[in-house]
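Please read the structure below before turning to the comments.
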Amino acid sequence: MIGLSCHSRNYGPGTQDETFSFIKKLGFEYIDVDGVETIKQADVLENPDKQAQIAKELSQKYNIKLAEYFMGNMQLNGQSYSPSELEVHQRDSLYGNFDKICRFASQSGFSSIVGSAGLLRKDMGYERSFEYAAEVLRKMVSIAADHGVQFHVEPSMHSLLKLPAKALEMAQQVQGLKFTLDFLHFQAKGIDQEESMQLLEYMGHMHARQSAVGWAKCPYEFGEIDYDRIMKRLRGLKWKGIIAMEFSNGPAEEAAGMSPVEQTILMRYELKRLIKKYF
C-alpha cells in the first residue's frame, strides 16, 4: 500500500490546529510533522511525553494519521548539529536527546523520523566527515529501532550525500538506514534520474514535488522529474510506504506568485493517477 501525506510546513505559519485542520480539509490521510514550527524539537526535548500526547490528540481530533517527524538537525544545549558536526565528547548527550525524540515519535504513532545526513567539515575533509557521520548514524539507527521507529536521512544537495553514489555508500555502511528521498536535490543539479533512482531500494519515505535543472522549485508544468518511471520502478520493488507532498514558498516562489496549495494538489493528482496505473 502507498499512502499520501502532506508536509505541515507547506503553507506557512499557523497554529497546530490550523495546520492539521487545513491539511485534513485538503483531503490527506497522512501528515508529516515539522520539528521547527509545528511540534518544535525543543519542546519535545523538554517534555517528550507531553508532546506525544499533544500529537496524538491532534491526530485523533482531525482524523489524520501521523507519518514522519521531520527532525532535521539535532539540537543540543540550544545549538543545532548535523551528525558530522558533533565532537566525540558531545555524542552521549546527543544520543540522550535523540532517545527522547524517538520516545516521542513512538508514543505519538509516527512511523519514522528524518534527520540530517551530515555536512562537510573543512577541518576534517570529505572522507573523514563521511566516516564521522556514519559512526553517529549507526547509533541513531539503533536507538530508533529500540523504540520501534524507522530512522531516515535525506540526501540533499547541501549534504555529504549530494551524489547518489555517496548516498548508496552510506546506506551500505550503516545497516538499517533508510532514506527520505526527494528527487529535487538531484534533478536541480542535472544528475541523471536513472542514477538517482538506484536509491529507491533504500527508500523508506518520499517527498514529492517538481524540479528542473537549475530551477529547484519550479512550477509543476515545467517539471522534469519523471514520476511515471519512479512509480513503475516502485511497483517492481513491491515498495510500500508513504509519499509526502512537500512544497513551501521561499522568497523567489512568493515573488513569482506560486501557490503551494496548487502545487500540492497537482502533484497529488499525478501520484494518484500513477498509483492507480501501477498498483
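The values are calculated or read from the model by the stated rules, or taken from the named source; none is laboratory data. If you're wondering where the values come from, they're calculated on a predicted model, not measured in any experiment. As a convention, Cβ positions derive from the backbone with ideal geometry for all residues, glycine included, and neighbour counts pool all protein chains shown. With ligands, DNA and RNA removed, areas are computed over all heavy atoms of the protein, side chains included. Shrake-Rupley method; radii C 1.70, N 1.55, O 1.52, S 1.80 Å.
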Hey, can you tell me all the residues within the stretch 23-49 that are assigned to a helix (DSSP H, G or I) and in contact with a Phe, Trp or Tyr (Cβ under 7 Å, 6 or more places away or on another chain)? 24, 44, 48
From 58, 120, 137, residue being buried (at least 21 other Cβ atoms within 10 Å of the Cβ), over 30 Å from residue 20 (Cβ atoms) and not hydroxyl-bearing (Ser, Thr, Tyr): 137
Look through 79, 41, 75 and report the one residue that is closer than 25 Å to residue 99 by Cβ and surrounded by fewer than 19 Cβ atoms within 10 Å (Cβ to Cβ). 79
Among the numbered conditions (1) outside any strand (DSSP E or B); (2) touching a residue at least 40 places away in the same chain (Cβ under 8 Å), tell me where residue 69 comes up short. (1)
Count of residues meeting criterion [aromatic (Phe, Trp, Tyr) and buried (at least 22 other Cβ atoms within 10 Å of the Cβ)] in the stretch 199-214: 0
Residue ID - surrounded by the fewest Cβ atoms within 10 Å (Cβ to Cβ), chosen from residues in the stretch 85-112 that are at pLDDT 95 or above and part of a loop (DSSP other than H, G, I, E, B): 109
What strands (runs of 3 or more DSSP E) completely inside the stretch 129-235 contain at least 1 residues that are hydroxyl-bearing (Ser, Thr, Tyr) and closer than 25 Å to residue 263 by Cα? 178-182
Has the stretch 248-257 got at least one residue that is farther than 14 Å from residue 207 by Cβ, more than 21 Å from the chain's Cα centre (by Cα), at pLDDT 95 or above and exposed (fewer than 15 other Cβ atoms within 10 Å of the Cβ)? no
Which of the following residues is more than 28 Å from residue 83 (Cα to Cα), free of Cβ contacts under 8 Å to residues at least 40 places away in the same chain and aliphatic (A, V, I, L, M): 261, 213? 213
Failed criterion for residue 239 (all others in (1) closer than 17 Å to residue 9 by Cβ; (2) surrounded by 13 or more Cβ atoms within 10 Å (Cβ to Cβ) hold): (1)
For residue 151, only one of the following conditions fails: (1) open to solvent by 10 Å² or more (accessible area, probe 1.4 Å); (2) in contact with a helix residue (DSSP H, G or I) (Cβ under 7 Å, 6 or more places away or on another chain). What is its number? (1)
